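The values are calculated or read from the model by the stated rules, or taken from the named source; none is laboratory data. Predicted model only: the values in this text are computed from it and were never measured. Cβ sites come from the backbone with ideal geometry, for glycine too, and all protein chains shown count toward neighbours.
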């Protein structure tokens with residue numbers, strides 16, 4: 001294999017694929033990126049056996065061929081090469097090493113045979129549809145923060161995507177929860193998604209995907225079965241296994257009878273939460289909201305360092321209520337709200353609270369209160 | 001308040017203050033006199049019960065009082081405590097039971113009754129707390145006390161308050177303790193070890209460096225086998241050698257530990273007696289009579305151990321965020337598996353569920369001789385086991401567990417059981433316990 005290409009193209013593609021590679025691997029080939037030179041392009045592929053990212057970039061191929069080299073090493077080398085330079089990748093005669101040559105720099109990396117590189121066999125997909133990258137990005141951003149990291153409940157370690165009828169319209173809905181909070185976002189279901197199985201996309205796949213959809217205005221092709229999903233974004237293809245589990249019936253978690261409505265300026269509320277929570281260094285400290293008389297009084301008490309309090313004007317007409325929330329969770333939710341106001345629907349100090357953006361009917365958040 | 005001359009001291013048996021330099025108590029004739037130049041100025045104590053488990057058993061079973069007693073479990077268990085008679089015959093704690101019985105064939109072996117020891121230990125701790133709020137428990141039968149500033153309250157200096165305490169434990173609880181009195185925790189701990197059992201040793205500020213000089217470096221708090229070996233390789237075996245060394249050199253060579261070596265070698269220990277001192281973890285484990293490999297056999301034991309750990313967390317007002325599963329294979333290989341939880345827990349239900357999940361991955365036909373479960377990353381229970389949006393059954397199970405706790409407190413440990421341990425006899429019940 002001998003191929004020459006622009007450093008910037010190589011870097012951009014490597015940046016997309018190398019992140020999939022775990023830093024520590026017990027299987028050596030999983031530390032490597034597969035390089036395949038063919039026609040007028042260089043294809044790169046990396047995998048962790050659950051997730052695979054492939055990207056092709058244009059290159060001048062002098063001699064077609066393929067090999068694998070350590071992914072992070074190659075990425076670090078290319079990253080440090082001067083901007084605007086050209087890079088030549090050349091597999092040596094013996095096939096055991098690959099040279100990286102750019103200007104006066106040259107590196108030699110050990111190769112592992114291309115034949116050993118694992119293939120994430122995708123099988124056949126039952127559904128295929130296209131959507132705007134902005135829409136996909138929106139669904140991910142509004143729900144990702146609520147994904148659980150708890151291994152015991154592995155079925156919560158991802159975002160649950162499914163379609164459902166709502167008001168005579170078919171919606172594509174994304175839900176994530178860690179048991180303390182729940183985030184739900186939806187959009188009009190893209191054509192072709194109807195009848196798709198409910199799937200749980202793992203956290204790592206979600207975060208890789210999120211970086212890829214940063215390029216706006218591209219169409220994403222989604223192909224899925226009940227065990228695998230594939231996203232094609234321009235020259236990047238991401239294929240992932242899905243979490244093999246059943247997502248809990250989240251509908252019954254979303255309260256329907258909460259009748260105490262609180263409307264509050266999103267920004268001043270978020271800033272107030274951030275300010276008063278400064279006093280609590282400890283993770284998971286509660287901020288107490290005393291709601292009533294047209295205002296919310298936020299209080300944080302930290303027996304070790306002191307206390308903080310702040311008042312924020314609010315629209316509220318129901319009976320006064322005191323309720324506590326994890327400060328971080330409140331911030332996570334308020335930062336998702338795009339409009340100027342946040343709407344809280346409360347029942348009592350011990351029941352789940354519903355938070356939404358009056359300007360965005362497609363997103364909904366549920367927070368479990370804390371004892372204060 | 002009348003305090004006598006510290007050089008004359010007081011009698012540890014009748015607590016009478018002495019006037020002269022006689023070798024026996026001027027009142028009762030006992031030779032157990034306590035004298036020390038700094039006796040009435042020192043306020044940091046370390047109190048350690050003598051052969052605690054064995055002493056409790058001897059107290060409760062007068063028929064074994066004069067016989068060697070070993071507390072430990074099962075034919076494959078190890079010694080957890082040996083009474084002083086057994087110790088003279090060469091029995092040591094952590095010794096395999098068969099070896100202990102070789103050394104001392106006529107020993108009475110008693111299975112540990114942890115609940116009883118915990119109860120007795122708690123009573124002793126309560127009595128300590130009556131002396132000062134600054135009681136830092138080290139283990140079930142051991143604690144540091146800071147009696148600084150209690151002199152007016154008790155109408156006597158710490159040494160005499162401790163003398164009274166020791167007497168009250170002996171006469172009212174029929175148990176003996178050893179006391180170390182000094183000006184810092186490190187030396188108080190060393191002192192309590194000097195003349196066990198029924199000891200009362202004092203190390204003053206003036207004599208600290210001389211006292212330490214000829215002691216082996218292994219006696220420094222924090223110096224384990226590995227570091228001792230490393231120090232030996234560097235030619236350092238006695239604490240005295242460290243006393244002459246430069247702080248910078250020691251820190252360059254042993255980093256953070258170097259500073260500790262430097263200070264402790266000089267008898268400088270700034271650690272406070274901290275009643276809320278963080279315990280690192282709470283765990284329970286058991287060795288089987290026969291190796292087990294099936295999940296069906298291991299799960300009931302795990303359940304029983306989880307309940308034990310949970311009971312201790314609840315008793316200590318603690319909760320932990322990391323569940324640790326420990327296994328030892330038939331060929332003595334240890335396997336430890338950790339899992340961090342999203343929230344701290346103190347519930348047997350969650351500890352067991354997490355442990356079981358970890359255990360399932362290890363059950364592959366391997367034969368195990370030991371299983372243990374623990375909770376680490378301990379903290380206050382305020383934020384433990386919050387209500388969960390998804391797992392609505394969790395709140396119910398937590399309530400059920402609370403009800404079981406109440407019943408057990410009223411009617412005993414076996415009043416209510418889960419199906420896991422019910423009818424399993426000793427299977428589900430650990431035979432031995434070590435923390």
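Residues that are in contact (Cβ under 8 Å) with a residue 24 or more places away in the chain, surrounded by fewer than 24 Cβ atoms within 10 Å (Cβ to Cβ) and facing chain A (nearest Cβ under 10 Å) within the range B:346-359 comprise B:356, B:358, listed in sequence order. Annotation note: of A:26, A:54, the sole residue that is closer than 30 Å to residue A:201 by Cβ, out of contact with any helix residue (DSSP H, G or I) (no Cβ under 9 Å at 6 or more places or on another chain) and not in a helix (DSSP H, G or I) is A:26. Does at least one position in the range A:243-262 carry a residue that is closer than 20 Å to residue A:15 by Cα and either touching a strand residue (DSSP E or B) at 6+ places or on another chain (Cβ under 7 Å) or touching a residue at least 12 places away in the same chain (Cβ under 8 Å) (or both)? Among the residues of the range A:243-262, not one is closer than 20 Å to residue A:15 by Cα and either touching a strand residue (DSSP E or B) at 6+ places or on another chain (Cβ under 7 Å) or touching a residue at least 12 places away in the same chain (Cβ under 8 Å) (or both), which makes the answer no.
Being in contact with a strand residue (DSSP E or B) (Cβ under 7 Å, 6 or more places away or on another chain) and on the phi > 0 side of the Ramachandran plot holds for only one residue in A:65, A:95, and it is A:65.
Among the residues of the range A:211-223, those that are at pLDDT below 95 and either in a loop (DSSP other than H, G, I, E, B) or within 23 Å of residue A:156 (Cβ to Cβ) (or both) comprise A:211, A:213, A:214, A:215, A:216, A:217, A:218.
For the range B:250-260, state whether one or more residues are in contact with a helix residue (DSSP H, G or I) (Cβ under 8 Å, 6 or more places away or on another chain), in a helix (DSSP H, G or I) and surrounded by fewer than 16 Cβ atoms within 10 Å (Cβ to Cβ). Yes, the conditions are met somewhere in the range B:250-260.
Against the definition (more than 14 Å from chain B (Cβ to nearest Cβ) and either more than 22 Å from residue B:386 (Cα to Cα) or touching a helix residue (DSSP H, G or I) at 6+ places or on another chain (Cβ under 7 Å) (or both)), how does residue A:298 come out, yes or no? It is true that residue A:298 is more than 14 Å from chain B (Cβ to nearest Cβ) and either more than 22 Å from residue B:386 (Cα to Cα) or touching a helix residue (DSSP H, G or I) at 6+ places or on another chain (Cβ under 7 Å) (or both). Given the criteria away from chain B (no Cβ under 14 Å) and either touching a helix residue (DSSP H, G or I) at 6+ places or on another chain (Cβ under 8 Å) or farther than 30 Å from residue A:218 by Cα (or both), does residue A:60 qualify? Considered against the rule, which asks whether it is away from chain B (no Cβ under 14 Å) and either touching a helix residue (DSSP H, G or I) at 6+ places or on another chain (Cβ under 8 Å) or farther than 30 Å from residue A:218 by Cα (or both), residue A:60 comes out as no.
Only one of the numbered conditions (1) over 13 Å from the mean Cα position of the chain (by Cα); (2) away from chain B (no Cβ under 14 Å) is violated by residue A:151, and that is (2). Scanning the range B:382-416 for residues that are buried (at least 18 other Cβ atoms within 10 Å of the Cβ), within 11 Å of another protein chain (Cβ to nearest Cβ), under 28 Å from the mean Cα position of the chain (by Cα) and not in a loop (DSSP other than H, G, I, E, B) yields a count of 1.
Residue-by-condition table, conditions (1) under 17 Å from residue A:227 (Cα atoms); (2) within 14 Å of chain B (Cβ to nearest Cβ); (3) crowded, with 18+ Cβ neighbours inside 10 Å:
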site	(1), (2), (3)
A:172	no, no, yes
A:179	no, yes, yes
A:191	no, no, no
A:195	yes, no, no
A:202	yes, no, yes
A:206	yes, no, yes
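Among the residues making up the range B:329-345, those that are within 14 Å of another protein chain (Cβ to nearest Cβ) and touching a strand residue (DSSP E or B) at 6+ places or on another chain (Cβ under 8 Å) are B:337, B:338, B:339, B:340, B:341, B:343, B:344, B:345.
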